[in-house]
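Some notes on the structure that comes next.
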Amino acid sequence: MFNSSKRESRNGSGNSDCTSLIAAGTEIRGDVQFSGRLHIDGKVEGSIRADSADSVLTLSNHAQIVGEIHAPHIVINGSVTGDVTAGERLELAGNARVEGNIYYKVLEMSAGAQINGKMMHRAEPPRQLSGPDAEPARA
């Protein structure tokens, strides 16, 4: 009935299956660092920063953030006052309201989302060529 390996993988450190919740009615004043998944329904006054490259931050339509956000994958459907930096992907749902600059690689924006700030695409760094046209490595 229960698979012990499944329980271990869900509770393992740094595993993206682990989800934390800041519930509606909860207000945090201070910086938040997380790994895995973080879902916010409440209010955070401070910066939010992901520790791992596979972290996902989700803000519901009730969420209110006053501060900077830095995470690889961000889904916003609430209110953000501050700069948003998505290392990989940013999704702005229909109720998203952002007062600040947005930095992204991939952006998905639904009708109704509002941004009051600059939107800046972050291109991937140039890749090194391999093959006959590539310059030889210098020692």
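Look at region 113-122 and say how many of its residues are part of a strand (DSSP E or B), within 16 Å of Ala71 (Cα to Cα) and not aliphatic (A, V, I, L, M).
Qualifying residue count, region 113-122: 1.
Just to be sure, is Leu38 under 16 Å from Lys105 (Cβ atoms), under 12 Å from the mean Cα position of the chain (by Cα) and surrounded by 19 or more Cβ atoms within 10 Å (Cβ to Cβ)?
Numbers: under 16 Å from Lys105 (Cβ atoms): no; under 12 Å from the mean Cα position of the chain (by Cα): yes; surrounded by 19 or more Cβ atoms within 10 Å (Cβ to Cβ): yes.
Against the criterion (under 16 Å from Lys105 (Cβ atoms), under 12 Å from the mean Cα position of the chain (by Cα) and surrounded by 19 or more Cβ atoms within 10 Å (Cβ to Cβ)), Leu38 does not qualify.
What are the pairs with Cβ atoms under 8 angstrom where one residue, in region 84-110, is in contact (Cβ under 8 Å) with a residue 40 or more places away in the chain and the other, located anywhere, is of a type outside the set (D, E, K, R) and outside any strand (DSSP E or B)? Sequence gap at least six, or different chains.
Sorted first by the residue in region 84-110, then by its partner, the list stays empty.
Residues are listed down the side, and each one gets a yes or a no for (1) over 12 Å from the mean Cα position of the chain (by Cα); (2) in a loop (DSSP other than H, G, I, E, B); (3) surrounded by 20 or more Cβ atoms within 10 Å (Cβ to Cβ):
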{"position": "Arg49", "(1), (2), (3)": "no, no, no"}
{"position": "Leu57", "(1), (2), (3)": "no, no, yes"}
{"position": "Ile65", "(1), (2), (3)": "yes, no, yes"}
{"position": "His73", "(1), (2), (3)": "no, no, yes"}
{"position": "Glu88", "(1), (2), (3)": "no, no, no"}
{"position": "Gly94", "(1), (2), (3)": "yes, yes, no"}
{"position": "Tyr103", "(1), (2), (3)": "no, no, no"}
{"position": "Ala111", "(1), (2), (3)": "yes, yes, no"}
{"position": "Glu124", "(1), (2), (3)": "yes, yes, no"}
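Just the residues that are farther than 22 Å from Ser20 by Cα and of a type in the set (A, V, I, L, M, F, W, C), please, taken from region 56-104.
Val98, Ile102
Exactly one of (1) under 19 Å from Tyr103 (Cβ atoms); (2) at pLDDT 95 or above; (3) not hydrophobic (A, V, I, L, M, F, W, C) is unmet by Asp51. Its number?
Just one mismatch for Asp51, condition (2).
The values are calculated or read from the model by the stated rules, or taken from the named source; none is laboratory data. This is a predicted model, so every value here is computed, not measured. Note that each Cβ is placed from the backbone with ideal geometry, even for glycine, and that neighbours are counted across all protein chains shown.
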